[in-house]
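**Q** Quick one: the structure is below, questions incoming.
The values are calculated or read from the model by the stated rules, or taken from the named source; none is laboratory data. What you see is a predicted model, and the numbers here were worked out from it, not measured in a lab. All Cβ positions, glycine included, derive from the backbone under ideal geometry; neighbour counts span all protein chains shown.
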Amino acid sequence: MSENNFDLNNLPWSDKVFSWPVLLGVMAAVALSQSVYTIQAESVGIVLRFGQYIDKTSPGLHFKLPFGIDRVIPVPTQRQQKLEFGFTTPGFTSPEQPSEFPALEKSMVTGDLNGALVEWIIQYRITDPEQYLFDVRDPAKTLRDLSEATMREIVGDRTVDEIITVGRQQIEETVLLRLSELSTRYQLGVTINQVQLKNVNPPEPVQPSFNEVNRAQQDRENAINLANGEYNKAVPRARGLADQRIREAEGYRFKRVNEAEGDVAAFNLVLDQYLKAPDVTRTRIYLETLAAVLPQAKQQVIVDEGVQQVLPLMFSPSAALEAK
């Protein structure tokens, strides 16, 4: 053999580098490690074979074809997810949760052409993983854009006083219904569970003046509530007193009428007896009158017509005995 030619099989390390059993063992270990995967309890696995959807797997341990033939995308279908608009909560876990441009998202114009800073949260859950992954490109970004557009539309139909004070709940309900309708129309594969307004404030340059107006309105409402409370206490009390006086007057009227009717009936009975026997009736009335009057007198003195000098008899017990 020439000095310039050499055989690889004669090298001392060739039997180790090109050992087919070792290579097959390594390939088998890699294939096994790539064939086993686990889906968490709150998720489902979407299996793609050469990029095409073939199956949906439930939580647990599963097998797939290795070397990139099968690819599994876990989708958290049981997890409550949320999107934040106008602010970012520290320590977030989902990459879609924080707001990328919070200052721009929360700046809005109300229906009365005033500025407002609106921060809100959208809570949703993935209910159709196939639609979520394949029907819309970047569904989380699409849902964020739909949410912002819907909130701007609803806020633009209301005054700044409504969105800051009494109209918050109505805005949340309206945005929830509108966003649920749009999510179904765009086939996002999600269900909107809640829309919650957080901080709603006027722009910073006018915020002190707006706070003064709010305080004045609250003072006015407090004064109105106090006046209504006094009214609600005084009016029922006056009505109760009036009803009491009316009932007392009616009771007195019934009493007087009944007494008068009773007196008339008694007089008619006496009159009937008097017409039958005038002398007897007159004497009876006289005696009954004395029987009613005499017990009420403290001292009774009965004097004969022939007795003179009544005063000594009244003040001298011995003279009274002699007179007897």
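**Q** Against the conditions (1) at pLDDT 85 or above; (2) exposed (fewer than 10 other Cβ atoms within 10 Å of the Cβ), where does residue 293 fall short? Just the number, please.
**A** It is condition (1) that residue 293 fails.
**Q** Something else about it: Would it be correct to say that residue 140 is of a type outside the set (Asp, Glu) and surrounded by 14 or more Cβ atoms within 10 Å (Cβ to Cβ)?
**A** When the stated conditions are applied, residue 140 passes them.
**Q** Could you give me the residue pairs with C-beta distances under 8 Å whose first residue belongs to segment 233-250 and is in contact (Cβ under 8 Å) with a residue 12 or more places away in the chain, whose second residue is loosely packed, with under 10 Cβ neighbours inside 10 Å and among the hydrophobic types (A, V, I, L, M, F, W, C) wherever it lies, and which are 6+ apart or on separate chains?
**A** Listed pairs, sorted by first residue: none to list.
One line per residue, one yes/no per condition, for (1) over 23 Å from the mean Cα position of the chain (by Cα); (2) surrounded by 13 or more Cβ atoms within 10 Å (Cβ to Cβ):
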{"site": "174", "(1), (2)": "no, yes"}
{"site": "180", "(1), (2)": "no, yes"}
{"site": "183", "(1), (2)": "yes, yes"}
{"site": "187", "(1), (2)": "yes, yes"}
{"site": "194", "(1), (2)": "no, no"}
{"site": "198", "(1), (2)": "no, yes"}
{"site": "205", "(1), (2)": "yes, no"}
{"site": "210", "(1), (2)": "yes, yes"}
{"site": "222", "(1), (2)": "no, no"}
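**Q** If residue 100 satisfies every condition in (1) modelled with pLDDT under 90; (2) among the acidic types (Asp, Glu); (3) surrounded by 13 or more Cβ atoms within 10 Å (Cβ to Cβ) but one, which is the exception?
**A** Checking residue 100 against (1) modelled with pLDDT under 90; (2) among the acidic types (Asp, Glu); (3) surrounded by 13 or more Cβ atoms within 10 Å (Cβ to Cβ), the one that fails is (3).
**Q** Of the conditions (1) more than 52 Å from the chain's Cα centre (by Cα); (2) modelled with pLDDT of 90 or more, residue 25 satisfies every one except a single condition; which number is it?
**A** Of everything listed in (1) more than 52 Å from the chain's Cα centre (by Cα); (2) modelled with pLDDT of 90 or more, residue 25 misses just condition (2).
**Q** Quick one: is residue 126 surrounded by 12 or more Cβ atoms within 10 Å (Cβ to Cβ), in the same structural domain as residue 192 (by TED's automatic domain parsing), under 29 Å from residue 47 (Cα atoms) and hydrophobic (A, V, I, L, M, F, W, C)?
**A** Spelling it out, residue 126 is indeed surrounded by 12 or more Cβ atoms within 10 Å (Cβ to Cβ), in the same structural domain as residue 192 (by TED's automatic domain parsing), under 29 Å from residue 47 (Cα atoms) and hydrophobic (A, V, I, L, M, F, W, C).
**Q** Moving on to the next point. All but one of (1) at pLDDT 90 or above; (2) surrounded by fewer than 11 Cβ atoms within 10 Å (Cβ to Cβ) hold for residue 20; state the number of the condition that does not hold.
**A** (1)
**Q** Next question. Could you check segment 79-93 and list, in sequence order, the residues that are farther than 15 Å from residue 197 by Cα and surrounded by 13 or more Cβ atoms within 10 Å (Cβ to Cβ)?
**A** Across segment 79-93, the qualifying residues are 79, 81.
**Q** Of all the residues that make up segment 143-173, how many are hydroxyl-bearing (Ser, Thr, Tyr) and modelled with pLDDT under 95?
**A** Going through segment 143-173 one residue at a time, the tally reaches 2.
**Q** Also, I was wondering about something else. In segment 183-212, how many are at pLDDT below 85 and aromatic (Phe, Trp, Tyr)?
**A** 1
**Q** Tell me, which helices (runs of 4 or more DSSP H) wholly within segment 13-106 include 3 or more residues that are in the same structural domain as residue 172 (by TED's automatic domain parsing)?
**A** It comes to 102-106.
**Q** So residue 228 passes all but one of these: (1) surrounded by 11 or more Cβ atoms within 10 Å (Cβ to Cβ); (2) within 29 Å of the chain's Cα centre (by Cα); (3) of a type outside the set (Lys, Arg). Which condition number does it fail?
**A** Checking residue 228 against (1) surrounded by 11 or more Cβ atoms within 10 Å (Cβ to Cβ); (2) within 29 Å of the chain's Cα centre (by Cα); (3) of a type outside the set (Lys, Arg), the one that fails is (1).
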